Amino acid sequence: MSKPSCYAVFGHPIAHSQSPRIHQCFAAQTGITLSYKTIDATPEALSTTVHHFFTNEGGHGANVTLPHKAAARALAHECSRTAMRAGCVNVLTLLAGGQLAAHNTDGSGLVRDLSARHALQLRGKHLLLLGAGGAARGVAWQLLETGIASLTIVNRSPAAADTLADMIGDVARVGTRCWQDLATIGPVDIIINATSAGVFQQSLNLPTTLIGAHTVCYDLAYGASARLFLDWSQAVGARRTLDGLGMLVETAADAFELWHGLRPATEPVYQALRSTC
Ligand code: NDP
């Protein structure tokens, strides 16, 4: 009997990852047999560990998460447009001939979660993006492609926000502000928290004036990491508060489709995870 095709997620730490569970659910749904494991790789060991997985362990594809998303791009021979402009990747795929292709599914996953799962209208909306790290770079372009009216990028280190805005170059719709100026911009339609502050249980110290009765607050993180920002948003009157669990499932579905050519149904998997996360 042939061995099942082999997939993995690389991170450090990685034990908490939901990716093996998500991919096994997709596999069961679509009748595909696969193995999917977590691989804890330090930044120093990433290159050799990834190489070993694809050349010696029969790896067909891998997800990449913190802190490797930028470094993983350098391991690939081909880069999709989304990975290129984000400067970081979350999917590696083995090509014929042993080379690797890199892709970034963060933006498509977020937009599908916002629009399809949560039925949010993005066109014409004014968005505030908190953070300018890998995830923010992964989602910014795709948010703009939905027809939003404006994207204001704010980052703790302002230079990174300026760099991201410059890379996007859509000066009519994209601007940056300093964190200290947030009190002057008034309520926004949608706030996307793409910082990792919640992962470290750090408060963002945001002014309550950002939140109006119509404001929707979305945290890319989920579980305990999303609670500080979402609890604060709810307490100061946000209309809706949403975490990134659905985005996680949608980005995984994109990777699954890339590898297997089949689109899994995400809602049952999202609901199963929701009951435990
Ligand atoms: P990075 O390390 O690349 O970036 C972290 C960002 O957070 C930087 O902009 C950093 O600012 C900012 N930051 C960190 N601490 C603070 C703080 N105390 N106050 C204000 N800003 C802070 O991480 P990622 O971009 O990869 O991930 C960001 C978040 O998105 C994480 O919570 C991650 O789990 C989540 N994520 C969720 C996904 C999903 O599928 N649901 C997918 C990808 C990410 P500075 O530049 O000043 O350091």
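The values are calculated or read from the model by the stated rules, or taken from the named source; none is laboratory data. Owing to the predicted nature of the structure, the values given are computational and were not obtained by experimental measurement. Quick reminder, even Gly has a Cβ in these numbers, built from the backbone with ideal geometry, and neighbours come from all protein chains shown. The protein model used for the area step is the full one, side chains on, heavy atoms only, and it has no ligands, DNA or RNA in it. Shrake-Rupley method; radii C 1.70, N 1.55, O 1.52, S 1.80 Å.
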**Request:** Tell me which of these R21 doesn't satisfy, since it passes every other one: (1) in contact with a Lys or Arg (Cβ under 6 Å, 6 or more places away or on another chain); (2) surrounded by fewer than 22 Cβ atoms within 10 Å (Cβ to Cβ).
**Result:** (1)
**Residues satisfying the stated conditions in region 134-154, i.e. crowded, with 18+ Cβ neighbours inside 10 Å and part of a helix (DSSP H, G or I)** = G134, A135, A136, R137, G138, V139, A140, W141, Q142, L143, L144
**Prompt:** Within region 47-61, can you find the residues that are of a type outside the set (S, T, N, Q), open to solvent by 40 Å² or more (accessible area, probe 1.4 Å) and in a helix (DSSP H, G or I)?
**Reply:** H51, H52
**Residues being farther than 17 Å from T195 by Cα, in contact with a helix residue (DSSP H, G or I) (Cβ under 6 Å, 6 or more places away or on another chain) and open to solvent by less than 20 Å² (accessible area, probe 1.4 Å) - total across region 62-82** = 2
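Restricting attention to region 104-133, report how many residues are assigned to a strand (DSSP E or B) and either within 13 Å of the ligand (Cβ to nearest atom) or buried (at least 21 other Cβ atoms within 10 Å of the Cβ) (or both). So that I can check it myself, show each step before the final result.
Step one: filter region 104-133 for residues assigned to a strand (DSSP E or B), giving 126-130.
If we keep only those that are either within 13 Å of the ligand (Cβ to nearest atom) or buried (at least 21 other Cβ atoms within 10 Å of the Cβ) (or both) as well, we get 127-130.
The qualifying residues number 4.
Of all the strands (runs of 3 or more DSSP E) wholly in region 172-277, which have at least 1 residues that are in contact with a Ser or Thr (Cβ under 7 Å, 6 or more places away or on another chain) and open to solvent by 20 Å² or more (accessible area, probe 1.4 Å)? Full working, then the answer.
Details: elements: 174-177, 190-193, 216-219, 240-242.
Hits in region 172-277: 174-177, 240-242.
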**Request:** Please state which of the following conditions N90 fails to meet, knowing it meets all the rest: (1) away from the ligand (no atom under 16 Å from the Cβ); (2) under 15 Å from the mean Cα position of the chain (by Cα); (3) not basic (K, R).
**Result:** (1)
**Message:** I'm trying to understand the selection: among the residues of region 62-76, which are touching a Gly at 6+ places or on another chain (Cβ under 9 Å) and part of a loop (DSSP other than H, G, I, E, B)?
**Reply:** T65, L66, P67, H68, K69, A70
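So, S233, is that one within 19 Å of L122 (Cβ to Cβ) and either touching a Cys at 6+ places or on another chain (Cβ under 6 Å) or small (G, A, S) (or both) or not? Outline the logic, then answer.
Numbers: within 19 Å of L122 (Cβ to Cβ): yes; either touching a Cys at 6+ places or on another chain (Cβ under 6 Å) or small (G, A, S) (or both): yes.
Here the answer is yes, as S233 does meet what is asked.
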